[in-house]
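The values are calculated or read from the model by the stated rules, or taken from the named source; none is laboratory data. Computed from a prediction, not measured in an experiment: that's the story for all the values here. Here the Cβ positions follow ideal geometry from the backbone for every residue, glycine too, while neighbour counts run over all protein chains shown.
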Amino acid sequence: MIFQMLYDKGMFAGSIAALPIFPMFSRGRARLPERYGSWKLEKSSPLIWFHGASVGEIKGLMPVIKKLKEQEDSLKAPYKILVSATSPTGLDSLNGIADFERLAPFDSSIWIRRAISAAPIKALILTETEFWPSLIREISDRDIPVYLINGRITDRGALINTLRKKLYAEIFHRISGFFVSNERAAELFARMGVTPEKIKVVGNSKYDIEPTVSSSAKAQEWSNRFFADTTKPVLVLGSIRPGEEEIWFDAYRNFSSKINMVVAPRHQEKFAYFERKLRQAHIPFTKWSLMEQGAPGATTVLLDTMGLLEKVYS
């Protein structure tokens, strides 16, 4: 309980300290009031709330949301879907599947209460490692069930696991069900004190996503759009962060005549950073945005558009 109180107060203080910093960045400015609980949810039918961190986690939620919508007629009461994410790009990937889309508030009880004060939430469904203490406490205190799907937790060794078990004890006690991908994840959650009755091994819903490139002919079509020579193997630097390019770019220069490369930044505000780094590394490249305007295929492509990484991997 003391940890929860200190954590909540710390998150509130951090959110106030961050307020003048967020407007300095485009990603920080996007939907900024929502991070402080300005959700303005109109009174509606009961809500089922799904939350994921960013694009990958949201993609994993989409098969579950689609299945729920397919079964809407058989439900006793009509439900609407609320989806939150910690990043604007996560919300951009929803493609209109949700009735309401919001950026998650900072994990402080003050902002969470402000966001959901009038919302008729009937269940909260989290994904992967998104077990936020204040959010889970505020929801469960309202007798709203909380579930975790695609749940995972890493093994950090005996000492760290013992500390985490003490920190997570109350949080995990408040979660009604843990739907995990494999037996290893089930074992780790059990070590953290979760009762076996709450844990179900059901696989990962990301594998239920229908591929946007579903045939070899379509995959070849995309390859032709990207590369001048489609016979070369492809190196994909997917969701790359600043600093990670240092090793990859140096190594790639030695094999650039034999390998195609796609550089796909994790965040769109880093497109200019990686464009600059490619130039500094003297690696010729073409931006995907120019290819869409008719530029020919290249050996190295800077993927300066979000949402295309699946097609690249195909």
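Okay, residues lined up against (1) farther than 23 Å from Arg27 by Cα; (2) hydroxyl-bearing (Ser, Thr, Tyr); (3) exposed (fewer than 14 other Cβ atoms within 10 Å of the Cβ); (4) modelled with pLDDT of 85 or more:
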| position | (1), (2), (3), (4) |
| --- | --- |
| Lys232 | yes, no, no, yes |
| Leu235 | yes, no, no, yes |
| Ala264 | no, no, no, yes |
| Phe271 | no, no, no, yes |
| Glu275 | no, no, no, yes |
| Thr300 | yes, yes, no, yes |
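Taking the numbered list (1) exposed (fewer than 14 other Cβ atoms within 10 Å of the Cβ); (2) part of a helix (DSSP H, G or I); (3) touching a helix residue (DSSP H, G or I) at 6+ places or on another chain (Cβ under 6 Å) in turn, Pro242 passes all entries but (2). The set of residues in region 1-17 being in contact with a helix residue (DSSP H, G or I) (Cβ under 8 Å, 6 or more places away or on another chain) and either in a helix (DSSP H, G or I) or surrounded by 11 or more Cβ atoms within 10 Å (Cβ to Cβ) (or both) consists of Phe3, Gln4, Tyr7, Asp8, Met11, Phe12, Ser15.
Please work out if Ile283 is over 26 Å from Gly56 (Cβ atoms) and touching a residue at least 12 places away in the same chain (Cβ under 8 Å). Yes; evaluated as a whole, the condition is true for this residue.
So is Lys311 surrounded by 15 or more Cβ atoms within 10 Å (Cβ to Cβ) and part of a helix (DSSP H, G or I) or not? Yes; evaluated as a whole, the condition is true for this residue.
For region 192-207, the condition of being more than 26 Å from Ala123 (Cβ to Cβ) and either out of contact with any Gly (no Cβ under 8 Å at 6 or more places or on another chain) or at pLDDT 85 or above (or both) holds for none of the residues. Would you say Ile175 is under 15 Å from Thr127 (Cβ atoms), of a type in the set (Val, Ile, Thr), modelled with pLDDT under 90 and surrounded by 16 or more Cβ atoms within 10 Å (Cβ to Cβ)? Answer is no for this residue.
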